[in-house]
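First the structure, which I've put down as structure tokens, then a few questions once you've had a look.
The values are calculated or read from the model by the stated rules, or taken from the named source; none is laboratory data. Quantities reported herein were computed from a predicted structural model and do not represent experimental measurements. Quick reminder, even Gly has a Cβ in these numbers, built from the backbone with ideal geometry, and neighbours come from all protein chains shown. Just the protein is used for accessible areas: all its heavy atoms, side chains included, with ligands, DNA and RNA removed. Shrake-Rupley method; radii C 1.70, N 1.55, O 1.52, S 1.80 Å.
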Amino acid sequence: MEDVGGDAMETYTTYEDYLDSQITDTDMFYLESEDLARQLVELGYRGSGDTLKREEFEARKKAIRERSMQKTNVPKQLSSAGKNLTDSPVLLALANREELVRNGKLTTIIFIRDKNSKGQEVSGYIDYALRLKTENFEPYFEGRKQLMPKPSDLSYYNWETQTSTSNSTPNFQVIADNETGLLFKNKRDRKVINVDPNANPGDNSTRTEIKTSEYLQVVIYDHMTRRKS
């Protein structure tokens with residue numbers, strides 16, 4: 001039987017393409033019929049003489065597709081995996097949450113207040129899940145890049161220029177309430193997270209202030225999501 005490797009099999013979309021690959025210009029000159037040429041190849045009178053039958057070809061194609069699906073479904077390695085984070089309370093806290101946030105069991109808002117590269121004090125609320133999805137976090141966990149709020153995050157404020165932005169994300173809706181201040185509504189279970197340090201953060205939510213010298217202030221709000229029945 002002809003040994004057709006996986007790479008070669010992937011080049012053939014159909015069984016007919018596979019048969020055609022073994023038909024020569026000389027075959028077509030004498031036979032003058034593509035269907036007849038294919039039949040001769042299938043019967044073993046052309047090509048290598050050990051041609052795969054249609055059922056064998058389809059079985060191999062199916063096996064290749066299944067292997068490809070298995071590779072696709074392999075969980076992505078965590079960005080924090082194998083990193084030494086003992087000197088960074090902030091990165092350690094984020095690493096401890098990474099897997100739960102990636103698989104959707106936990107939503108996390110990171111509040112950071114610090115000075116930017118221009119020496120200006122900025123603060124903001126970051127949707128951790130969205131950042132994980134849209135950024136490569138390895139440089140952060142390797143200490144080569146510092147996580148900072150951006151104008152594209154849930155909320156951002158530059159205390160010197162008084163630039164202020166807010167953006168809802170796939171996970172949270174921003175609610176600017178005149179009485180209670182800034183609120184974030186989880187889009188999955190509709191629960192509201194209150195980031196006022198003097199208020200209860202809300203149902204299924206916790207507030208954790210990280211003691212660190214890396215930033216002026218870091219607070220993490222965790223929300224365990226519950227789907228509506």
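Quick one: would you say Met148 is open to solvent by 10 Å² or more (accessible area, probe 1.4 Å), farther than 23 Å from Met224 by Cα, among the hydrophobic types (A, V, I, L, M, F, W, C) and part of a loop (DSSP other than H, G, I, E, B)?
yes
Condition check: modelled with pLDDT under 80, surrounded by 11 or more Cβ atoms within 10 Å (Cβ to Cβ) and not in a helix (DSSP H, G or I). Does Ser48 satisfy that? Walk me through it before giving the result.
On the way: modelled with pLDDT under 80: yes; surrounded by 11 or more Cβ atoms within 10 Å (Cβ to Cβ): yes; not in a helix (DSSP H, G or I): yes.
Yes, satisfied.
Going through the range 168-186 one residue at a time, which ones are touching a strand residue (DSSP E or B) at 6+ places or on another chain (Cβ under 6 Å), open to solvent by 50 Å² or more (accessible area, probe 1.4 Å) and in a loop (DSSP other than H, G, I, E, B)?
Scanning the range 168-186 gives a single hit, Ser168.
Which of the residues that make up the range 122-145 are assigned to a loop (DSSP other than H, G, I, E, B) and either open to solvent by 10 Å² or more (accessible area, probe 1.4 Å) or at positive phi (or both)?
Glu135, Asn136, Glu142, Gly143, Arg144, Lys145
Take the range 108-121 and flag every residue that is open to solvent by 60 Å² or more (accessible area, probe 1.4 Å) and not charged (D, E, K, R).
The answer is Ser117, and nothing else.
Considering only residues that are over 10 Å from Ser80 (Cα atoms) and either touching a strand residue (DSSP E or B) at 6+ places or on another chain (Cβ under 9 Å) or touching a residue at least 12 places away in the same chain (Cβ under 8 Å) (or both), which ones fall in the range 98-108?
Of everything in the range 98-108, those that are over 10 Å from Ser80 (Cα atoms) and either touching a strand residue (DSSP E or B) at 6+ places or on another chain (Cβ under 9 Å) or touching a residue at least 12 places away in the same chain (Cβ under 8 Å) (or both) turn out to be Leu100, Val101, Arg102, Gly104, Lys105, Leu106, Thr107, Thr108.
Report the residue count in the range 1-40 for those that are modelled with pLDDT of 70 or more, closer than 27 Å to Ser68 by Cβ and touching a Gly at 6+ places or on another chain (Cβ under 9 Å).
Total meeting the criteria: 3.
So which of Lys105, Lys71, Lys62 is at pLDDT 85 or above, open to solvent by 100 Å² or more (accessible area, probe 1.4 Å), closer than 30 Å to Tyr15 by Cα and of a type in the set (Lys, Arg)?
Result: Lys62 is the single residue among Lys105, Lys71, Lys62 that is at pLDDT 85 or above, open to solvent by 100 Å² or more (accessible area, probe 1.4 Å), closer than 30 Å to Tyr15 by Cα and of a type in the set (Lys, Arg).
Here's a follow-up. Residues of the range 102-129 being among the aliphatic types (A, V, I, L, M) and either touching a Cys at 6+ places or on another chain (Cβ under 6 Å) or over 18 Å from Val218 (Cα atoms) (or both), which ones?
Leu106, the sole residue that qualifies.
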